1. Percent of Cα-Cα pairs per 5 Å bin, from 0 to the last occupied bin, for region 48-115, please list those.
2. Which lysines have a Cα lying under 26 Å from the Cα of K19, excluding residues fewer than 8 positions away in the same chain?
3. Mind pulling the angle between the C-alpha long axis of helix 35-47 and the longest principal axis of the chain? Nearest 10 degrees, somewhere in 0 to 90.
4. Rounded to the nearest 10 degrees, what's the angle between the helix 61-70 long axis and the longest principal axis of the chain, both from Cα atoms, 0 to 90?
5. Farthest toward the dipole's positive end in the chain, which of A65, A36, G115, given Cβ charges of +1 (Lys, Arg) and -1 (Asp, Glu) about the Cα centre?
6. Can you say what percent of the DSSP beta bridges in the chain, counting only those with both residues inside, are antiparallel? Round to 5.
7. Before anything else, pin down the relative contact order of the chain: Cα pairs under 8 Å, at least 6 apart, normalised by residue count, whole percent.
8. Just tell me which lysines come within less than 24 Å, Cα to Cα, of K72; anything on the same chain fewer than 8 places away is out.
Amino acid sequence: HRSKLFEEVMLKAESNMRKLLSIPDNFKVLFLQGGATMQFSSVCMNLLKDNKKCNYLETGFWSKAAYAESLKFGEPHMVIPQEEVNYSKVPDFSLWDIADDAAYFHICDNETVNGVELNDMPFDQLLDQTIVADMSSNF
């Protein structure tokens with residue numbers, strides 16, 4: 001159901017991706033649509049195996065959407081108490097309640113809807129956490 005021109009463009013794109021990223025022939029290259037919501041689901045489906053706990057730092061629209069999607073797959077833990085969430089700033093680290101046994105820690109580095117940007121991430125306090133960062137608006 002695709003035109004010959006489309007097939008040529010897709011094959012060329014795949015070839016270019018394989019060369020650029022050194023993707024071996026035993027790997028498939030998938031061109032998927034779905035945007036942010038699909039990525040939110042993909043994170044959960046890939047990282048929540050035996051451990052269903054995950055940390056979410058809600059700082060705006062996009063991290064709230066990611067948290068909502070994680071409810072379908074796991075046991076998300078909101079790092080910031082709801083009364084501190086106001087989408088105008090990132091609350092001080094001393095207010096964060098981090099589940100140490102979580103499979104990952106999700107952040108949205110740049111919340112474009114309300115203009116909240118995470119400039120100082122306390123990585124030294126999160127050494128045992130796998131950090132998942134939505135950085136799609138950092139360019």
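The values are calculated or read from the model by the stated rules, or taken from the named source; none is laboratory data. Worth saying up front: this structure is predicted, and the values here are computed from it rather than measured. Neighbour counts are summed over all protein chains in view; Cβ atoms, including those assigned to glycine, are modelled from backbone coordinates with ideal geometry. Accessible surface areas use protein heavy atoms only, side chains included; no ligands, DNA or RNA. Shrake-Rupley method; radii C 1.70, N 1.55, O 1.52, S 1.80 Å.
1. Distribution as computed: 3, 19, 28, 25, 16, 6, 2, 0 percent.
2. Answer for K19, where 26 Å is the Cα cut-off: K4, K28, listed by chain and number.
3. Here the helix axis deviates by roughly 80 degrees.
4. 80 degrees
5. A36
6. 15 percent
7. Numbers: 180 pairs, mean separation 29.5, N = 139.
About 21 percent, as a whole number.
8. Result set, ordered by chain and number: K49, K52, K53, K64.
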